[in-house]
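**Q** Quick one: the structure is below, and I'll ask about it shortly.
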Amino acid sequence: MEVTIKDTKICLIQGDITLEETDAIVNAANTSLRGGGGVDGAIHRAGGPTILEECIEKYPNGCKTGEAKVTHGGLLKAMWIIHTPGPIWRGGGQNEPELLKNSYRNSFQQAEIIGATSISFPSISTGVYGFPIQKAALIAVETVLNCLPSNSIREVHFVLFSNRDYQIYEKTLTKLMS
Ligand code: ADP
């Protein structure tokens, strides 16, 4: 699915974010920034060891939940990786929605700082971190749409690994557009 809002193209893609050719891709990292499973593991595997080396050198204290840190893309087509630890779902009463919003907002802000004009997001926090996908999709799409007017990003990809996740994002975007 692809829509254009003002000057920005929003694309929903089912697939592997490590294959994206946007200027930046976002990594659903953990707070240590020392690699992990899921999309984090896939990005470090595909991008090679220089990504972890840069994380260790530049970010000895890792990254707080909802914040975002940048490294180069290593062997990936994307020039940059924006690492953001999303919140772990603990039932919804621990500020999880606000923290997830921060992950998207701060990733956008970092993209602006590095001069990226295109960015790809995975579905942050909805894997091992257990954030309910419907709620997360609404936060993801809404936050990105809100960030667009004040940002130089011209193309946003949401890269969903499963067909189910893709369909939920598709419904969410359709609803928000209507
Ligand atoms: P979190 O810890 O933030 O929940 P996960 O990596 O466990 O992060 O999951 C986040 C989402 O990323 C899940 O929907 C998972 O299916 C998806 N995912 C896993 N590998 C990839 C990949 N290579 N490309 C895109 N999405 C992926």
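We did not get these values from a lab; they are worked out from the coordinates using the rules stated. These numbers were taken from a predicted model, which means no experiment stands behind them. Ideal geometry is used to build each Cβ from the backbone, glycine not excepted, and the neighbour counts take in all protein chains shown.
**Q** For segment 1-59 and segment 124-153, compute the distance between their C-alpha centroids and round to whole Å.
**A** First find each Cα centre; the distance between them is then 15 Å.
**Q** In segment 1-43, which GluC sites (Glu not before Pro) fall in coil by DSSP and have 15 or fewer other Cβ atoms within 10 Å?
**A** GLU21
**Q** Could you tell me the number of lysine pairs in segment 2-177 with C-alpha atoms less than 27 Å from each other, where the two lysines are 8 or more residues apart or belong to different chains?
**A** 26
**Q** Follow-up question, since we're still on this one. Have a look at GLY37, GLY62, GLY86 and tell me which one the Gaussian network model of the chain (Cα, springs below 10 Å) gives the largest fluctuation.
**A** Comparing GLY37, GLY62, GLY86 in the GNM, the peak value goes to GLY37.
**Q** For segment 2-177, count the residues as N, evaluate 2.2 N^0.38 Å, and divide the Cα radius of gyration by that value, please.
**A** Its radius of gyration relative to the 2.2 N^0.38 Å reference: 0.93.
**Q** By the scheme Lys and Arg +1, Asp and Glu -1, what is the net charge of all other residues having a beta-carbon under 15 Å from that of GLY127?
**A** -2
**Q** Could you pull out every whole DSSP H run in the chain that spans at least 24 Å of Cα extent along its own axis and averages -1.0 or higher on the Kyte-Doolittle scale? Present the calculation step by step, with values, prior to reporting the outcome.
**A** On the way: long enough: 96-114 (27 Å, -0.85).
Helix filter hits for the chain: 96-114.
**Q** Evaluate E = 1/(1 + (r/R0)^6) for LYS175 and MET79, where r is the Cβ-Cβ distance and R0 equals 35 Å; express this FRET efficiency to the nearest 0.05.
**A** With R0 = 35 Å, the Cβ-Cβ based efficiency is 0.60.
**Q** Multiply the residue gap between ARG45 and GLN134 by 0.36 nm, knock off their C-alpha separation, and tell me the result in nm, one decimal place.
**A** 29.2 nm
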